[in-house]
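Notes follow once the structure below has been shown.
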Ligand code: UD2
Ligand code: MN
């Protein structure tokens, strides 16, 4: 009997039709809860969950596979941003090739370089940005290391096809020591045929994306610099809103909304608009939902550029002279990571602003893992970069970062940051405290006016902990539970309580309970912070009660068990199970 395997990816909810069961090594791609049935054509169907990254058992790609350009477009594939389904006969090969770039290059190579994309903009955007006559010209800078041919050139073609020629100065490609043959002479030859002036720079050894961008910027002649990753697709009207912001305010650094190009199917997927960029206690960049007043402002006119505490890093425009006035990038940073926070902190604290122009939309392939090597290891690259960010920009919060992040802490002494500190002084930059209070008032870092530490229940003698399940935006959400207090400096049981009564912790999650006044006892959850009343609590130091502000009920341990049932709110009764000790932990 023929067998068809349907693999559903939990993350993307896309169903991918795969190959005959016996050829696909089901062990490698299925989690336990797999289902089998015979469909009405008598075909046995197996449904399971695809473990997208776990391809370790699939034979490694050979040198030849890596160095070959498989680009072979089918005019209809991926039209209007539609997904391309991998045929059963190509499944094994597509998995082998996946590892080379950490995206499905076999699919990418079927999609034409000038495929059409849907117009994701609001109607009003199309009217607002019909043209941008008095806008400055921009150089487009794309750095890459071992990028696939089709993704790199689809990025280039999307720029050429969807940017007004009068605003496009040139395209600059910076090859960061790629080893792949097709990126050498074949790329040089191809670029000569493009209708827009396109230069290629090559580094003679791997320098990383930060220094590669600096080299590109150094030869750029446009009034504005626009940076893109090498696996993007710009949509119609993407450039005008970015340039308009800079025309009106040269101190603005402006990003598009970054849509998602699916790493398996290359479907163009609209991303959530009501997000802004920030970071967690480990200085990992994250998208969060901003607080209430911000949201209201954005709903009134969703076409207006809005402030963001941090940028994702890859896609932005900046006035060229302003880029240098503000200290371009930290040249002490290598390979990958941290430069986006460094630039965001610097721009905000030293007088500029970082914004997102919601009428500008660019797709980007988000990958679940990095495809290339990190020379010197992650300690010498990413962690060293992050250590530099913390040392230069975070003032009293520098120690807070290092306390919770051992690897960067171990190498912080190797960092020479004197020239960056000098720059900070020359630019008369404001403090990190100012940044937190003014740019990101909803932040969840400890401050002088906030409680920071463990929240221990008197009856059980256990501590409130973060849930260990991840929600859609990678935030840990779930029932509020207790666990035995470890009381070491682990972020698991560290909470902040603000003056407004929000009990929050890393990754912008808050203690949350329903507002209803009567009715059965309500479960307490840990959810994305949203500034709503239902997330406000008050602590009474003498009674030790933690009251939910709107209904004046007390945080309590449910009777049935210590922790697994989680916490509830109940009428206040003065019992030990409603008493909480807020044990402060020094953070700086
Ligand atoms: C995000 C940013 C990326 C950068 C990074 C942190 C977006 C969409 N992407 O990660 O631009 O800010 O965070 O550093 O916001 N590259 C080199 N040399 C290297 C390593 C990378 O040229 O040694 C190129 C790479 O080919 C790509 C770009 O740098 O074009 C960004 O790298 P990535 O795509 O791996 O970063 P990403 O999107 O995960
Ligand atoms: Mn990228």
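Every number here is computed from the coordinates shown, using simple stated rules; none is lab data. Keep in mind that this is a model prediction, so the values were computed, not measured. Note that we place each Cβ from the backbone using ideal geometry, even for glycine, and neighbour counts take in every protein chain shown.
Compute the FRET efficiency between residue 131 and residue 434 as 1/(1 + (r/R0)^6), taking r as their Cβ-Cβ distance and R0 = 30 Å, and round to the nearest 0.05.
E between residue 131 and residue 434, to the nearest 0.05, is 0.20.
With angles folded into 0 to 90 degrees, how steeply does helix 91-101 sit against the dominant principal axis of the chain? Use alpha carbons for both and round to 10.
Helix 91-101 and the main axis of the chain meet at about 80 degrees.
Between region 440-510 and region 177-246, what is the separation of their alpha carbon centroids in Å?
A separation of 43 Å, based on Cα centres.
What full-extension length gain, to one decimal in nm, is calculated for residue 469 and residue 368 as 0.36 nm per residue of separation minus the Cα-Cα distance?
34.6 nm
Among 325-333, 152-160, what's the highest-first ranking by average C-beta atoms within 10 angstrom per residue?
152-160, 325-333
Would you calculate a helix-derived [θ] at 222 nm for the chain, using -39,500 (n - 2.57) for each DSSP H run of n ≥ 4 and dividing by the full residue count, to the nearest 500?
-6000 deg cm²/dmol
What is the distance in Å between the Cα centres of region 262-322 and region 91-159?
Going from one Cα centre to the other spans 19 Å.
Specify the angular offset, from 0 to 90 degrees and rounded to the nearest 10, of the alpha carbon long axis of helix 239-248 from the longest principal axis of the alpha carbons in the chain.
The helix 239-248 is inclined about 70 degrees to the chain.
Find how much the distance from residue 166 to residue 523 grows on full extension, using 0.36 nm per residue of separation minus their present alpha carbon separation; answer in nm with one decimal.
The span from residue 166 to residue 523 would gain 122.6 nm if fully extended.
Under a plain spin-label model, where a point goes 7 Å from the Cα along Cα-to-Cβ, how far apart in nm are residue 116 and residue 380?
5.0
Can you figure out the FRET efficiency of residue 448 with residue 419, using R₀ = 41 Å and their beta-carbon distance, to the nearest 0.05?
So, using R0 = 41 Å, E works out to roughly 0.85.
How would you classify the chain from its alpha-carbon gyration tensor, with a ≥ b ≥ c the square roots of the eigenvalues: rounded for a/c under 1.5, else prolate if a/b is greater than b/c, otherwise oblate?
Taking the square roots of the gyration eigenvalues as a ≥ b ≥ c, the chain is oblate.
When a/c is below 1.5 the answer is rounded, else prolate if a/b is larger than b/c, else oblate, so apply that to region 451-584 with a ≥ b ≥ c taken from the square roots of the Cα gyration tensor eigenvalues.
Taking the square roots of the gyration eigenvalues as a ≥ b ≥ c, region 451-584 is rounded.
Please determine, in degrees from 0 to 90 and to the nearest 10, the orientation of helix 149-162 with respect to the longest principal axis defined by the Cα atoms of the chain, where the helix direction is its Cα long axis.
With both axes taken from Cα atoms, the answer is about 90 degrees.
Rounded to the nearest 0.05, what FRET efficiency do residue 533 and residue 205 have when you use their Cβ-Cβ distance and R0 = 41 Å?
0.10
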